[in-house]
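All of the numbers you see were taken from the coordinates with simple rules; none came from a lab. Keep in mind that this is a model prediction, so the values were computed, not measured. Quick reminder, even Gly has a Cβ in these numbers, built from the backbone with ideal geometry, and neighbours come from all protein chains shown.
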Amino acid sequence: MFISMLWMTALRPATCETNPISCRLWVEPQLPGLSMNGDFIIGGIFSIHNYMILEQSNYSTQELQFARAMQFAIYEINNRTDLLPGISLGYDIHDSCAGVPMAVKVAFALANGVETVFNVSESCSKSGSSAVTALVGESGSTPTMSMARILGLFGIPQVSHFATCACLSDKRQYPAFFRTIPSDHYQAAALAKLVKYFGWTWIGAVRSDSDYGNNGMASFLKAAQEEGICVEYSEAYYRTQPRSKLERVANVIRRSTARVIVAFLAAGDMRILLEELVRNPPPPLQWIGSETWISHPEFLRFNMCSGAVGFGVPRSVIPGLREFLLELTPAQALKSPWFTEFWERSFSCSLKKQTGSSVGARECDGSEDIRALQNPYTDTSQLRITNMVYKATYAIAHAIHGAICNDTQCDRTIKLSPLQILEQLKKVNFTMKNGFQVSFDSRGDPVAVYELINWQFKKDGALDFMTVGQYDSSKPRGQEFSMSRAISWMGGQTKVPVSVCSESCPPGTRKAVQKGKPICCYDCIPCADGEISNATDSLDCEHCPPEFWSNERRFSCLPKPVEFLSWEDPLSIILTAFSVFGAFVALSVAVVFYKHRTSPIVRANNSELSFLLLFALALCFLCSLTFIGEPSGWSCMLRHTAFGITFVLCISCVLGKTIVVLMAFRATLPGSNVMKWFGPPEQRLSVLVFTLIQVLICILWLTISPPFPFKNFKHYKERIILECRLGSAIGFWAVLGYIGLLAVLCFVLAFLARKLPDNFNEAKFITFSMLIFCAVWITFIPAYFSSPGKFTVAVEIFAILASSFGLIICIFAPKCFIIVFRPDQNTKKHLMGKVQSKSL
């Protein structure tokens, strides 16, 4: 009801009486709390009270200091000879009660003046002139916006010292608005960078449910999102809302898991919230504050906010201001209701019994010492916002000077309109005597410079403000923020608090967002085999290059071990030993045969083919050595061709021996002369022809698509198999198939000759050897394709050695046994079956 009435009275027009040249306001105008006449009047509006209901204890001594700073600036300007010489400035300073209705009413009062009756010749208007040339204020963004909309219609400049809402930079809505304090656009960006700088990704947020809080928090949340910061909760509260809302917000803060809370609150809202939290303190919190309360001395009594950090306007010194503030006497206090209330509340006494003050029954007796007071009014150690008032007043004075003064003098008779002051304010650019620069950009904003303020305990245990860093928006991107000293964190800790939804994922893991939760809440998933992450909080794991593999902890790619059948491998040593042993056996047999070359058993079994076969077997044993060692271009070609040619040479000799046995039997039949068709020359030619066919196949293979070294990445993921690729599979199978064809042919012929009537029949031994040979290589095929890595080569070597040992044992072991151990059987008669043989 009270607010509605104020709106109606503020907007109610003047009404003309019977006299056509006179009109009267319907209600009494709003009178200033402090005023002084002058050639030009500057208006001022401050939130001396936090409510319009005066019964509540809501007096702000800091706002009173702001009002007094404006007084001091005007007194100082009036005594200067270089600024507005010969011109006196006056002031009308009002109380907005931190409310929109009262602010609007004051705006009309400053525009219309305090006269209740207007006498004009043409109309009931004031012909476009206003009671003030410009005004300083307001402290809050929401009341300021209401005033700026009204004053902008008349072109009356308004310079605020504390309204920071970024929305006020919109010149289409607020064409006559300026401010000496930076916009929240810069503060929100600075706060987001501050949170990011200290690694906090999980925060709480609380704001005033007003234009200041809502717009400021919206800017902060947008900047925080760009920095990858998550918000657990974002609550709003305004001091006039029901207590149940306050309790709900306080309980959300108490239950939260975030240890950092960003408070974009007006001073009045912050004080009420802290008083509620003190009733049942939450776990220790790291408070991040906006400039409205982070440097407000009234909040130092809340120890729960120790370690709080936030950005505030730079601290300053205003010479002479403290003495001016302390000159207030009881007599002067009686001249203004603001001073009277301040005096009585500060000293708990009544200046006059008849005032009916309820502050205290004791009458002030003159013994009160204002210098002994410890409150925001007398505290000039942290002049931050106060300096903004000081700068705003001087900015208006310089604008007036630019409009009415030339190089030598000023003309007080000039009828100065607010629009002239508005144009001059856009041009002001000067340096205050305390060193601060004053100018406005195209949006009416100053350069954004902040100090990073930290609440630290002094030696006496009391909290105090300390400047620990700075933010300057005029510096290059990335260099705006700087630290100058160590920060004391919540509870006096020296270690930066941790506030994350999930602990950082170490290298070797990646982040996986938890379903239904913000991106800052995640699980750490280990990278898969062959993938790494070498940074903290990696979003994805990277694949290692093909020749590399991840280490055990998945944070580095290491070269894959290369696997091949090396000479140092125990398996290689065993196979090499068997190969050398086999070759030695072949040579030993050759020596035995050579030594007994004239013996019947050697002569009867075609000694020439036997020596060639032993030579071929020695080569077969030795060719297995080409499969050992690191594959190279020449070794890949050599191992397969040597294998193919030596085995064909070996099988050709066996085939020749088999044919000789068959021909020899045919030659014993009456009238047969078959041996003349397969004598020694033909035997040599057959071996040569069979071998040349294999040589031709190998030449074609090596010419068209030879074997080559190849790094196999697919068989094993964690290591490289260095192997010989076949090149042409047809060539390989042609070589192997040709060997198989000769082996089968030899086996069939030997099988047919196994029952010939000789006492020592070589055909049956050849049959056994071919049977072993074929069995080995038939088994080799599936084993070759199923063996992994170096074991593929080992299987191939084993097949070579097994088939070679099978041949040498089955064919030559019985002969050597007779030659060495049974010389009595090494006779022609015995071989021809004329002597009864004993079972072997």
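The table below lists the values:
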read-out: Under 5 Å, built H, 5+ apart or other chain: amide partners of LEU34; value: ILE93
read-out: Cα gyration tensor shape for the stretch 509-560, rounded if a/c is under 1.5, else prolate or oblate; value: prolate
read-out: Fewest-first ranking of GLU723, GLU503, GLU423, using other Cβ atoms within 10 Å as the exposure measure; value: GLU503, GLU423, GLU723
read-out: LEU383 long-range amide H proximity, modeled H, under 5 Å; value: SER316
read-out: Least to most buried among MET304, MET388, MET483, MET466 (fewest other Cβ within 10 Å first); value: MET483, MET304, MET466, MET388
read-out: Structure-based [θ]222 nm, the chain - -39500 (n - 2.57) summed over DSSP H runs of at least 4, per residue, nearest 500; value: -14000 deg cm²/dmol
read-out: Virtual paramagnetic centre 7 Å along Cα→Cβ of GLN514, amide N under 20 Å, in the stretch 285-303; value: none
read-out: Residues whose placed amide H lies under 5 Å from that of GLY204, excluding near-sequence neighbours; value: GLU232, VAL260, ILE261, VAL262
read-out: Ranked list, fewest to most other Cβ atoms within 10 Å of each Cβ, for SER381, SER244; value: SER244, SER381
read-out: Crossing angle, helix 211-226 versus the chain [Cα axis fit, 0-90 degrees, rounded to tens]; value: 20 degrees
read-out: Nearest-20 debye value, the chain charge dipole, Cβ charges on Lys, Arg, Asp, Glu; value: 5040 debye
read-out: In order through the stretch 62-79: 3J(HN,Hα) via Karplus (6.51 cos²θ - 1.76 cosθ + 1.60), integer Hz, x for Gly, Pro; value: 5, 5, 5, 4, 4, 4, 5, 5, 5, 4, 4, 4, 5, 4, 5, 5, 5, 9
read-out: The stretch 342-449: C-alpha gyration tensor shape, a/c 1.5 cut-off, then a/b vs b/c; value: prolate
read-out: Derived scalar couplings ³J(HN,Hα) [the stretch 183-196; Karplus, 6.51 cos²θ - 1.76 cosθ + 1.60; whole Hz; x for Gly, Pro]; value: 6, 5, 4, 6, 5, 4, 5, 5, 5, 5, 5, 5, 4, 5
read-out: C-alpha long axis of helix 243-255 to longest principal axis of the chain, angle in °; value: 30 degrees
read-out: Relative contact order of the chain, pairs being alpha-carbon contacts under 8 Å that are 6 or more residues apart, as %; value: 9 percent
read-out: Matching label, Kirkwood radius over Cα pairs in Å computed from the structure shown, candidates (1) 28.2; (2) 31.2; (3) 36.3; value: (3)
read-out: Set LYS196/LYS515; LYS196/LYS511; LYS193/LYS245; LYS193/LYS517; LYS245/LYS517; LYS193/LYS495 screened for pairs whose C-alpha atoms are more than 28 Å apart; value: LYS193/LYS245
read-out: FRET efficiency, ARG149 to GLN493 (Cβ-Cβ, R0 51 Å, nearest 0.05); value: 0.65
read-out: Rounded to the nearest 20 debye, dipole of the stretch 320-379 from Cβ charges on Lys, Arg, Asp, Glu; value: 180 debye
read-out: Cα lying deepest toward the dipole's positive end in the stretch 320-379, options GLN332, GLY320, TYR377, charges on Cβ; value: GLN332
read-out: FRET efficiency for PHE817 and PHE791, using Cβ-Cβ distance with R0 set to 45 Å, rounded to 0.05; value: 0.80
read-out: GLU298-ASP540 FRET efficiency (beta carbon distance; Förster radius 56 Å; 0.05 resolution); value: 0.65
read-out: Shape call, the stretch 247-404: gyration tensor on alpha carbons, a/c limit 1.5; value: oblate
read-out: Where chymotrypsin sites (Phe, Trp or Tyr not before Pro) fall in DSSP loop in the stretch 280-358, at most 10 other Cβ within 10 Å; value: none
read-out: Karplus 3J(HN,Hα) series, Hz, for the stretch 33-40 with 6.51 cos²θ - 1.76 cosθ + 1.60 (x for Gly, Pro); value: x, 9, 8, 7, 6, x, 5, 9
